[in-house]
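Chemist: Just passing along the structure, written as structure tokens.
The values are calculated or read from the model by the stated rules, or taken from the named source; none is laboratory data. Since this is a predicted model, take the numbers as computed values, not measurements. Note that we place each Cβ from the backbone using ideal geometry, even for glycine, and neighbour counts take in every protein chain shown. Ligands, DNA and RNA are stripped out before the accessible areas are found, and what is left, the full protein with its side chains, is counted by its heavy atoms. Shrake-Rupley method; radii C 1.70, N 1.55, O 1.52, S 1.80 Å.
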Amino acid sequence: MEFNLETIFWISAVVGSTFFILKTATMFLGLGHDFDLAIDHQSDLHGLDNAGSVMAFKFMSLTGITTFLMMFGWGGLVVLRQYQMSALVSSILAVVLGVLAVLLIAVIFKYAVKLQSSGADYTAKDIIGLHGQVYSQIPANGQGRIQINVGGLVREIDAISAEQVAIASHLNVEVVSQIDPNTVSVKLINNLNQGDK
């Protein structure tokens, strides 16, 4: 099949839009962590200023790529078909639109991070003794992820099993120690108690 410029725009628009919609949907359903690149597996545990830059970098992984493809495709199609621009001009404008869309979302996300209360800052050692819930299964000798309520906000942090037993998703755990600034060890608790400590 011959790939002309319009076909490239269509593929970019459809692929970008599909992944963007899926990413947005999974974020609202609380599944965004599993539907992203490995780069998103780092935690924002070092204060809001550092968190803003780290999270902005993370956000530019899958979301940035899909945003660019989506706007590159749709923008290019509009310029090429609606305004009858040349292939060169259409390509340049499509790239510009894609980059602007990514920058706009990055700025919005950056300011959204800054809106968080400074009272929600925390480090891994601050949550020792708190109860949370396993978000991504913790293998017996591997790393998973938990969700925990800190300062009224639900945060996610990497975790390992203190007792070296596998802990399934959705089970309640207690944070028992800090492994490094981004990781804690946890142990399984009585899952009849659903509230956070």
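Chemist: Where the accessible area of the range 63-177 is counted over protein heavy atoms with a 1.4 Å probe, how much of it, in %, is carbon and sulfur?
Modeler: 64 percent
Chemist: Could you rank the peptides 98-108, 70-80 by their average count of other C-beta atoms within 10 Å per residue, with the highest value first?
Modeler: Ranking the peptides 98-108, 70-80 by packing returns 70-80, 98-108.
Chemist: In the range 128-182, what % of DSSP beta bridges are antiparallel (nearest 5)?
Modeler: 100 percent
Chemist: Same structure again: Stretched out fully, how many nm does the piece from Leu103 to Val176 gain, at 0.36 nm a residue minus the Cα gap?
Modeler: 22.3 nm
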